[in-house]
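> What follows is a single structure, and I will ask about it in a moment.
The values are calculated or read from the model by the stated rules, or taken from the named source; none is laboratory data. Every value quoted in this text rests on a predicted model; they were computed, and no experiment measured them. We place every Cβ from the backbone using ideal geometry, glycine too, and count neighbours over all the protein chains shown.
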Amino acid sequence: MVLSSNLTVLINGGTSEVGRELTRIFAKNGHDVIISSNNSEQSFEVQKEIFDELGIRVDMYIADFASEQEIKEMSEDIENKYPELNLIINNLSITSSEPLLSEDEIEVVFQTNYLSRFLLTNLLIPTLKTNKDARILDIVGDVSNKVSINFENVNLDEIYSDDDAETQADLADIMYIQTLSEKLINTKITANSINPGKIVSEIHRQNAAINPFGMLWQQITHQVDSWTSTSPEKVAQLVYKIAMNDALKVSGKHFIKGKPAKLPAFAAKRSNRDRLWTLSNELTESTFDIF
């Protein structure tokens with residue numbers, strides 16, 4: 001049972017497979033939807049898809065999530081244009097096979113997948129505080145108990161791998177949400193994270209069509225993925241349920257496939273979370289504290 005309605009929701013990463021389905025679900029259920037993305041062409045596609053299917057117009061913002069300046073400009077515009085904002089879903093993420101630095105001299109995966117969430121969400125908290133049933137939900141990937149934050153070398157200089165970059169950012173997201181929920185204790189805003197599990201993608205079929213030689217192998221791996229993964233549609237339905245129900249009642253929880261789970265070992269230590277918050281303030285030239 002849905003416990004609230006008529007939300008104004010910002011979906012960061014609204015052009016991903018899950019983001020598109022989330023946009024569709026929220027719009028179809030009568031909520032005002034804003035999507036943000038770093039891809040203008042895909043954003044227009046989503047906007048057109050929703051309008052053609054539902055006759056509903058979703059607003060959109062295009063920004064480089066590896067640019068602190070663009071994140072700040074976007075947050076200011078959203079704050080002014082959508083004072084009724086009461087739900088933020090952070091979904092946007094990237095991957096990079098090689099180490100790249102942003103204009104802010106920060107490794108782009110860490111900045112895009114984590115720091116942009118930290119900065120944008122914190123800048124919009126004053127707006128959330130003025131609205132009923134405000135909540136924040138971060139979608140993250142799988143993080144094992146062995147993962148940690150390389151505080152001394154967060155850019156992973158000389159030791160970069162795409163897997164390490166992604167899992168470090170996902171761990172940082174989980175830690176951020178946990179700390180944020182504590183700092184929001186005197187507000188009515190909730191903050192939670194969710195790992196929806198491995199998501200089935202169309203990548204295998206697309207690659208097979210382009211490269212017939214690898215068709216059999218792609219079909220096999222796609223079938224294996226289908227057995228162990230969840231479709232973007234089902235993931236979006238799960239996230240919608242958490243956002244509309246659980247997130248109204250609890251804060252500071254990390255959900256795995258819809259159920260509250262233990263924090264990864266590194267994230268469970270307050271000293272690690274405090275150190276990450278301090279580092280995040282330094283990297284974004286911010287002074288976020290108690291809200």
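> Give the residues of region 137-165 that are surrounded by fewer than 22 Cβ atoms within 10 Å (Cβ to Cβ) and either at positive phi or of a type in the set (D, E) (or both), sorted by residue number.
Correct list: D142, E152, L156, D157, E158, D162, D163, D164.
> Going through region 71-93 one residue at a time, which ones are without any contact (Cβ under 8 Å) to a residue 40 or more places away in the chain and either touching a strand residue (DSSP E or B) at 6+ places or on another chain (Cβ under 9 Å) or among the β-branched types (V, I, T) (or both)?
Across region 71-93, the qualifying residues are D77, K81.
> Give the residues of region 236-291 that are in contact with a helix residue (DSSP H, G or I) (Cβ under 9 Å, 6 or more places away or on another chain), part of a helix (DSSP H, G or I) and of a type in the set (K, R), sorted by residue number.
Result: R270, R273, R275.
> Looking at region 127-136 only, could you name the residues that are outside any loop (DSSP other than H, G, I, E, B) and surrounded by fewer than 18 Cβ atoms within 10 Å (Cβ to Cβ)?
Scanning region 127-136 gives a single hit, K129.
> Identify, by number, the condition in (1) assigned to a helix (DSSP H, G or I); (2) in contact with a Gly (Cβ under 9 Å, 6 or more places away or on another chain) that I194 doesn't meet.
Among (1) assigned to a helix (DSSP H, G or I); (2) in contact with a Gly (Cβ under 9 Å, 6 or more places away or on another chain), I194 violates only (1).
> Now, a different point. Assess whether K72 counts as being closer than 18 Å to L120 by Cβ, surrounded by fewer than 21 Cβ atoms within 10 Å (Cβ to Cβ) and either of a type in the set (D, E, K, R) or modelled with pLDDT under 95 (or both).
Answer is yes for this residue.
> Which condition number does Y176 fail, the rest of (1) hydroxyl-bearing (S, T, Y); (2) surrounded by fewer than 21 Cβ atoms within 10 Å (Cβ to Cβ); (3) modelled with pLDDT of 95 or more being met?
(2)
> Further question on the same structure: Pairs only if they're at least six apart or on different chains, beta carbon under 6 angstrom, first in region 38-63 and free of Cβ contacts under 8 Å to residues at least 24 places away in the same chain and aromatic (F, W, Y), second surrounded by fewer than 18 Cβ atoms within 10 Å (Cβ to Cβ) and outside any strand (DSSP E or B); list them, first residue then second.
F51/R57
> Also: Please work out if E166 is closer than 19 Å to S96 by Cα and in a helix (DSSP H, G or I).
On the way: closer than 19 Å to S96 by Cα: yes; in a helix (DSSP H, G or I): yes.
Here the answer is yes, as E166 does meet what is asked.
> Look at L119 and say whether it is crowded, with 21+ Cβ neighbours inside 10 Å and either among the basic types (K, R) or touching a Leu at 6+ places or on another chain (Cβ under 7 Å) (or both).
Values: crowded, with 21+ Cβ neighbours inside 10 Å: yes; either among the basic types (K, R) or touching a Leu at 6+ places or on another chain (Cβ under 7 Å) (or both): no.
Criteria not met by L119.
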